[in-house]
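Structure first, commentary second.
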Amino acid sequence: MAVIKPFQAIRPAQSVADRVAALPYDVYNRKEAKEAALKEPLSFLNIDRAESNLPDSVDTYDPIVYEKAKELLDARIADGTFITDSGRCYFVYELTMDGRAQTGIVACASIDDYVNGVIKKHENTREEKELDRIRHVDALDAQTGPIFLAYRSNPVISEVMNRYRETEPLYAFTADDGISHRVWRIADPADVKRIQDAFAGIGQIYIADGHHRAASAVKVGLKRRNEHPDYDGTEEFNFFLSVLFPEDQLMILPYNRVVKDLNGYTKEQFLNKISENFEVRKVGTEPYAPKAKGTFGMFLDGFWYELTAGAKMLEITDPVASLDVSLLQDYLLGPVLGIGDPRIDKRIDFIGGIRGLKELERRCNLDMKVAFSMYPTQITELFDVADAGLLMPPKSTWFEPKLRSGLFIHKLS
């Protein structure tokens, strides 16, 4: 059963929360991060990407970067930008995009639940990406970017969240990208116990987004255990900062694909070839978004097509092989376009659904030949893959809106 506990948060003073809150560190390249950090001195990017405060000649992973991050965090705690709560609590965190709200619980999850598989993964992680956040967490002695977790909806947790949403929020602001953020603090002992007990009755928690941050937080915790062999399991380094959302609150956007060429085929040859496995229907010049699983949009030479998977594909029951991203890869991108490993093939690129279908057209007019719009992977499909102990193909899900960093900090000691 899941251990999801309240924590003593370090968080922005109410008057500056909107200035501190920042998109996750990994949605920016170095140049973008530096520009954003310079634009807003209080932005948490200054701490999350501390190289933004150093000369460009300094390597992103130089030890001095992590020392700078620690210096900045300590300074902002000292000057009152961040305050420390007096006791342990949960928070309700609501994000609203395009009129649609999703609401979760901010808490700390157990590294043992991660190790033992109560918290389930669906992606592999890369060691070099983990190492950066390990150094960052270790240097700051704190976790600053929450892990995006999902669970099957629970009526007790939902009732508590909804009740607090009717009260005055602790934070309420709209970010530059139009996403509205509201936060409430749950400190009442009875409500804290209700939430903790409800999570204790949930058998599976799922990482929706943030696999590298989760793996890094866990490895720091295990490192601290080795450094403190007398640990008893209650120390803060045994837990990692998370926001947990019920499945019925989440929206997954598609992760679309663009490919540089037709692998030597003419347009007519290519259309004939893919017709062996897909029903191909020309739909015109208006962008086409698939309406159901097993259907795909395709943009080629100025026109959109609808591709419908053949009957044999729709009969597949394996939780990974039946995903739309797998069907496209296994029956078109691989055998027809020669994209063997989409993780490393330079002929393919991936475009998050938040950027819209016009971005697919733009790329085809710029540097690509053909684009594919996807039907979004469903949260139940993610659960099925994780429950089977399997991994999803790369770029299967795009979650929006993104959790902000800097609103909640969890100290490890």
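Laboratory data are not the source of any read-out in this text; all were calculated from the coordinates shown. Worth saying up front: this structure is predicted, and the values here are computed from it rather than measured. Ideal geometry is used to build each Cβ from the backbone, glycine not excepted, and the neighbour counts take in all protein chains shown.
Using +1 on the beta carbon of Lys and Arg, -1 on that of Asp and Glu, and nothing else charged, what's the dipole of the chain about the Cα centre, debye to 20? Each step should come with its number before you reach the end.
Values: 52 positive and 63 negative charges, 97 e Å.
So the dipole magnitude of the chain works out to roughly 460 debye.
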Ranking Ala289, Ile339, Gly356 by how far each Cα lies towards the positive end of the charge dipole of segment 255-375 (+1 on Lys and Arg Cβ, -1 on Asp and Glu Cβ), the top one is Gly356
Looking at Tyr114, Ala172, Asn238, which one has the Cα that reaches farthest to the positive end of the dipole of the chain (charges on Cβ: Lys, Arg +1; Asp, Glu -1)? Ala172
Going residue by residue through segment 206-221, the Karplus relation 6.51 cos²θ - 1.76 cosθ + 1.60 with θ = phi - 60° gives ³J(HN,Hα) values, rounded to whole Hz and with x marking Gly or Pro, of 10, 6, 7, 8, x, 4, 5, 5, 5, 4, 5, 4, 5, 5, 5, x
With 10 angstrom as the radius, rank Ser57, Ser180, Ser52 by how many other C-beta atoms surround their C-beta, starting from the fewest. Ser57, Ser180, Ser52
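Would you mind working out the magnitude of the charge dipole of segment 339-413 relative to its Cα centre, with +1 at each Lys and Arg C-beta and -1 at each Asp and Glu C-beta, to the nearest 20 Debye? Display every interim value, and only then the final one.
Numbers: 12 positive and 10 negative charges, 89 e Å.
Charge dipole, segment 339-413, about its Cα centre: 420 debye, nearest 20.
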If one builds a Gaussian network model of the chain from Cα atoms under 10 Å apart, the most fluctuating residue listed among Phe278, Phe44, Phe303 is Phe303
What ranking of Ser396, Ser158 emerges when the number of other C-beta atoms within 10 Å of each C-beta is taken as an exposure proxy, fewest first? Ser158, Ser396
Backbone HN-Hα couplings from phi across segment 25-32 [Karplus 6.51/-1.76/1.60, Hz, Gly and Pro as x]: 4, 8, 8, 10, 8, 4, 4, 5
Cβ-placed point charges (K, R +1; D, E -1), dipole of segment 255-375 about Cα centre in debye, nearest 20: 280
Signed unit charges on C-beta, dipole axis of the chain, positive-most listed residue Phe372, Gly302, Pro146: Gly302
Given H placed on each backbone N at 1.01 Å, which residues far from Phe91 in sequence or on other chains put an amide H within less than 5 Å of it? Val106, Ile186
Based on the alpha carbon coordinates of segment 255-375, what radius of gyration and maximum Cα-Cα distance (Dmax) apply, in Å? 13.2, 38
Enumerate the lysines that Lys358 could reach by cross-link, defined here as Cα to Cα under 18 Å, with residues fewer than 8 away along the same chain left out. Lys260, Lys282, Lys291, Lys369
Going by C-beta contacts inside 10 Å, put Met97, Met1, Met161 in order with the fewest on the left. Met1, Met97, Met161
At q = 0.10 Å⁻¹, what is the base-10 log of I(q)/I(0) for the chain according to the Debye formula with one equal point scatterer per Cα and no solvent? Please give it to two decimals. -0.73
